[in-house]
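> Here you go, one structure.
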Amino acid sequence: EEMSKGIQGMSNRSISWNAALRDIRSDRTVVPVGFLSARARCQGFAEFRHRPLVVAGQFNRSAVMAAAVSAAKAHQERHGGTWQAAMSVCLKASWQAARMARNATAH
């Protein structure tokens, strides 16, 4: 009898599928505009300028920053916006490229 009351109480609940799907979509990570191209530009900067982002397993901070500045200039030309917004995207991209480079050398 208690079991049937519990089940009966649950049947009165309704699920808002729109709200559930909206919550699922909002949980996804949003990639900033121009992030992937900025990461590729940072990787290219390291290769073409012969300034590796990782040296002896340690991050080369000056190279990471130089790559981010270079990518931010291109990002701002292409997408507009403020220098702060461009640097924000490009610093994230540059550090991700550096982490990828460090992981590649570790394995």
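> Give me the pairs: first residue in segment 81-107 and in contact (Cβ under 8 Å) with a residue 12 or more places away in the chain and over 19 Å from residue 69 (Cβ atoms), second residue among the aliphatic types (A, V, I, L, M) and surrounded by 15 or more Cβ atoms within 10 Å (Cβ to Cβ), beta-carbon distance under 7 Å, and six or more apart or on different chains, which are they?
Going by the 7 Å Cβ cut-off, the qualifying pairs are 102/54; 105/54.
> Does residue 105 fit the bill of being among the hydroxyl-bearing types (Ser, Thr, Tyr) and not in a helix (DSSP H, G or I)? Break it down into steps so the answer makes sense when it comes.
Details: among the hydroxyl-bearing types (Ser, Thr, Tyr): yes; not in a helix (DSSP H, G or I): no.
Against the criterion (among the hydroxyl-bearing types (Ser, Thr, Tyr) and not in a helix (DSSP H, G or I)), residue 105 does not qualify.
> State which residue is nearest to residue 100 (Cα to Cα) when the search covers only segment 28-64 and only residues that are in a loop (DSSP other than H, G, I, E, B) and touching a residue at least 40 places away in the same chain (Cβ under 8 Å).
As a first pass, look at segment 28-64 and keep what is in a loop (DSSP other than H, G, I, E, B): 28-34, 49-53, 56-57, 60.
Pick out the ones that are also touching a residue at least 40 places away in the same chain (Cβ under 8 Å) and you get 32-34, 52-53, 57.
Working: 32: 18, 33: 20, 34: 18, 52: 12, 53: 10, 57: 12 Å.
Among them, the one singled out is 53.
> Please work out if residue 98 is under 19 Å from the mean Cα position of the chain (by Cα) and buried (at least 18 other Cβ atoms within 10 Å of the Cβ). So that I can check it myself, show each step before the final result.
On the way: under 19 Å from the mean Cα position of the chain (by Cα): yes; buried (at least 18 other Cβ atoms within 10 Å of the Cβ): yes.
The answer is yes for residue 98.
Rule-based calculations on the coordinates, nothing more; no lab input. A quick note: this is a predicted structure, and the numbers were derived from the prediction, not measured. For neighbour counting, all protein chains shown are included, and Cβ atoms are generated from backbone atoms with ideal geometry for every residue, glycine included.
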